[in-house]
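> Got a structure for you, written out below as structure tokens; questions coming shortly.
What follows draws every value from the coordinates through simple rules; no lab data is involved. Keep in mind that this is a model prediction, so the values were computed, not measured. Positions of Cβ are generated from backbone atoms using ideal geometry, with glycine treated the same way; all protein chains shown enter the neighbour counts.
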Amino acid sequence: MNSVTVLGLGSMGFAIARLFVERGRRVTVWNRSAGKADALVAQGATLAATAADAIRASKLVVMCVYDYGAAKAVLQSPEVAQALDGKILVQLTTGSPEEAREALAWAHKQGAAYLDGAIQAAPSQMGQADTPVLLSGDSAVYASVQEVLKDLAGNIAFLGDKIEAAATMDLATLSYVYGATAGFIQGALIAETQGLDVGVFGKLVADISPTFGAFFKHEGAVIQSGDFTISESPMRISIEATRRILLSSRASGINAEIPAFIDGLFQRADRAGLADQELAALIKVVRAAPQAGSALSRP
Ligand code: NAP
């Protein structure tokens, strides 16, 4: 399969199309604002006049536009829907699990195979051996396009047949990132309040991140196994650490909203008798509704 169509030439779609061109694919492109294709056409891509023409040019259609609203605006015309019959649509636009399910049902109605994906890298990071992209959908369809999609990312995590898996894991990993962002901002506030260099703090965070990545991989396995016997990090240490962060923030007179929220979770873990379990047992606190303490006894 050497031909590929790319719909959407924003920052990410352009990077995707350029990689396919550079890898020697026969690339047809379409974008709402046609001028964005100029540099690609100069490199050998073909600009289609309409999205339907672009889809007709290749069996494999890769789409990357702003959001699913934009995707619908492009796809849901009768001509485009008809052109999709017999095609493989790989949707790399970021969306929610619900949007992925809805898109699969819609694509199947048009006679198209459908894979859903989430890109976890910036446009300039595409095409590297370690570029992470999540994909899900029919495994036979994935097998048929895997070799082409490898042009975009060396680290494609295929998450299986559940179409919503890529969007769900994208949400889950972003949840981790934004939780860490809140903690990072509090850390920056702590450092600057003490007159310390926040740039150095950023470097220290970078230095500890690989170790913490390995740690969270372990904690994920603990949650999956359901065995919260202490194996790496006792909850008790974190109950004390989070309390220390809260009290120190208050003593310095800085904003303590973020530490107060985190301390609240760990205090609930303490009250639920989880202090002598592995740190990952904190999930028992958030699984349970705040008023339903009895649910904390779940494994
Ligand atoms: P972008 O630069 O803002 O480009 C948006 C694209 O969507 C353009 O091609 C734009 O067409 C098109 N578009 C928007 N509304 C449209 C509509 N109503 N009808 C038709 N086309 C429409 O966005 P991007 O950075 O390429 O991001 C694309 C996707 O990649 C997003 O889902 C984003 O979450 C994901 N992503 C991006 C990054 C990143 O760092 N950029 C990283 C990971 C994932 P026009 O050119 O005509 O405006």
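> DSSP beta bridges in region 3-160, what fraction antiparallel, as a percent rounded to 5?
On the way: 5 of 28 bridges.
Given both bridge residues lie in region 3-160, the antiparallel proportion sits at roughly 20 percent.
> Ok, one more. First select every other residue whose beta carbon is under 13 angstrom from the beta carbon of residue 9; then total the charges, Lys and Arg +1, Asp and Glu -1. Mind dumping the intermediate values first?
Numbers: positive: 18, 32, 36; negative: 38.
Net charge around residue 9: +2.
> Would you mind computing, in nm to one decimal, how far apart the modelled labels at residue 204 and residue 161 are, each placed 7 Å from Cα along Cα→Cβ?
Rounded to a tenth, the inter-label distance reads 5.0 nm.
> What value, in deg cm²/dmol to 500, does the helix sum -39500 (n - 2.57) over DSSP H runs of n ≥ 4 give at 222 nm once divided by the residues of the chain?
Values: 12 runs with 158 residues, N = 299.
One gets -17000 deg cm²/dmol as the mean residue ellipticity at 222 nm.
> Run the Debye formula on the Cα coordinates of region 197-297, all scatterers equal and no solvent, and tell me log10 I(q)/I(0) at q = 0.15, 0.24 1/Å.
-0.72, -1.27
> Give, in whole angstrom and from largest to smallest, the semi-axes √(5λ) of the equivalent ellipsoid of region 3-160, with λ running over the eigenvalues of the Cα gyration tensor.
Values: eigenvalues 81, 75, 39 Å².
Over the Cα atoms of region 3-160, the ellipsoid semi-axes are 20, 19, 14 Å.
> Give the peptides 143-151, 85-93 in descending order of average Cβ contacts within 10 Å, highest first.
Working: 143-151: 15.9, 85-93: 22.0.
Output ranking for 143-151, 85-93: 85-93, 143-151.
> Kindly rank 239-247, 31-39 from highest to lowest mean number of other beta carbons found within 10 Å of each residue.
Details: 239-247: 16.4, 31-39: 14.9.
Order by mean packing, descending: 239-247, 31-39.
> In which sequence would 218, 108 go, from the one with the fewest C-beta neighbours within 10 Å to the one with the most?
On the way: 218 14, 108 11.
Lowest to highest Cβ neighbour count: 108, 218.
> Normalised by the number of residues in region 76-169, what is the relative contact order in percent for Cα pairs under 8 Å and 6+ residues apart? Can you show the working numbers first?
Numbers: 176 pairs, mean separation 28.5, N = 94.
Relative contact order of region 76-169: 30 percent.
> By per-residue mean of other Cβ atoms within 10 Å, what is the highest-first order of 153-159, 200-206?
Numbers: 153-159: 18.1, 200-206: 12.3.
The packing order, highest mean first, is 153-159, 200-206.
> Roughly what % of DSSP beta bridges within the chain run antiparallel, to the nearest 5? Before the final figure, lay out the partial values.
Values: 6 of 29 bridges.
Counting only bridges with both partners in the chain, antiparallel ones make up about 20 percent.
> Normalised by the residues of region 3-160, what does the relative contact order come to in percent, with Cα pairs under 8 Å and at least six apart?
Numbers: 322 pairs, mean separation 30.5, N = 158.
For region 3-160, the relative contact order is 19 percent.
> To continue, here is another question. Averaging sequence separations of C-alpha pairs under 8 Å and six or more residues apart, then dividing by the length of the chain, give the relative contact order as a whole percent.
Details: 485 pairs, mean separation 33.5, N = 299.
Normalised by residue count, the contact order of the chain is 11 percent.
> Let me ask something else about it. Which three lengths, in whole Å and largest first, does the chain cover when its Cα atoms are put on their principal axes?
For the chain, the Cα extents along the three principal axes come out at 64, 45, 30 Å.
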